[in-house]
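The values are calculated or read from the model by the stated rules, or taken from the named source; none is laboratory data. These figures come from a predicted structure and were not determined experimentally. We place every Cβ from the backbone using ideal geometry, glycine too, and count neighbours over all the protein chains shown.
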Amino acid sequence: MTWGNPWFLIGLLIIPLMCWHYWRQLRHPQPTVVYPEASTFKLLMGKYRPYLRHLTFILRLLAMGLLVIALARPRLALDEEKVHTEGIDLVITLDISTSMLAQDLTPGNRLEAAKKVAKEFISGRSNDRIGLVMFAGEAYTWCPLTLDYAVLADLMDKVEAGTVTDGTAIGKAIATGVNRLRRSDAKSKVLILLTDGVNNVDQPDPLTAARAGAELGVKIYTIGVGTQGVAPAPVQTPFGMRIQQVQVEIDEELLKKIAEMTGGMYFRATSTNALRNIYKRIDEMETTKIEIEHIRRYREMFYRWAAVALALLILERTLTLTRLRNVAA
């Protein structure tokens, strides 16, 4: 609670003065008590105890204190914050080719690790629209730009490798993601491209697609995922599926050029923790702009105090003129 006119509280000093004056009156009482008839005197003496002689003074005292408080204008401060945000439109483009089943990242394989870390990244965002593009030999939108992170996370769980033509169509992946951001009005448009391979689909050319994204203001962060050298991966053999050591091949030069021409960065993730740290760096670099406007409003409370004070004064005068007439000192 705050006060609109706090200097009026000085008026509370009148209360001890009233008490002092009342005390002086008690020490020098007036002996004359006038009653209209004896029956009234008997009624008062039998029904009211001696301490009721002070009741009217107590009522006046309370009323005066409440009136002073009302004049000081007690009020409740209602703080309000208006948050102005400039969100980011962001598309995660995830490689789901069969090579993402390599078991050099935990838990499970590269794809499961990529999904897990991406979901952690999504859960830490706010006010940003996020979409999801899957690609292998083809690319398609798995989830359009949305603020419903729960739905996005659920769709992320359902992503599986090998559900489309196998391959690594980096150009198509970029083109699909950029197309999702093309009509965006956000001041910041970001695409995160994660892959573990080498582009093996000619059209569209990855650099041409990246250049088109740059012209539309899309910043691309590229991530090459996989250990150095070889990694255990499921391989189809005449004896069925077997885990074998396969060579890790990532076109890092291409990924660096894509990131450079769009104002982004290239990262190499050789472990799940490294991938998590990469997403943390992107999260720090691509922060949503938030402006907070503080507004303070007040709810006046003086009328309540004034109403109680008025009621006490009315009660005091009523008692003084009726049942307690001439009883108070």
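Answer yes if at least one residue in region 174-186 is of a type in the set (D, E, K, R), in a helix (DSSP H, G or I), free of Cβ contacts under 8 Å to residues at least 40 places away in the same chain and surrounded by 15 or more Cβ atoms within 10 Å (Cβ to Cβ), and no otherwise. No, that holds for no residue. Output the number of residues of region 198-234 satisfying the condition of being closer than 21 Å to residue 271 by Cα and surrounded by fewer than 20 Cβ atoms within 10 Å (Cβ to Cβ). Here the count works out to 7. Any residue at all in region 100-114 that is part of a strand (DSSP E or B) and not assigned by TED's automatic domain parsing to the domain that holds residue 10? No, every residue in region 100-114 fails to be part of a strand (DSSP E or B) and not assigned by TED's automatic domain parsing to the domain that holds residue 10. In a residue-by-residue description of region 238-255, the property of being more than 22 Å from residue 138 (Cα to Cα), part of a loop (DSSP other than H, G, I, E, B) and of a type in the set (A, V, I, L, M) applies to no position. Scanning region 116-160 for residues that are under 14 Å from residue 89 (Cα atoms) and surrounded by fewer than 14 Cβ atoms within 10 Å (Cβ to Cβ) gives 126, 127, 144, 147, 148.
For region 115-123, indicate whether the set of residues that are in contact with a Cys (Cβ under 7 Å, 6 or more places away or on another chain), in the same structural domain as residue 211 (by TED's automatic domain parsing) and either over 20 Å from residue 204 (Cβ atoms) or not charged (D, E, K, R) (or both) is non-empty. No, region 115-123 has no match at all. In region 1-19, what residues are in contact with a helix residue (DSSP H, G or I) (Cβ under 9 Å, 6 or more places away or on another chain), assigned to a helix (DSSP H, G or I) and in contact (Cβ under 8 Å) with a residue 24 or more places away in the chain? Within region 1-19, 8, 9, 11, 12, 14, 15, 18, 19 qualify.
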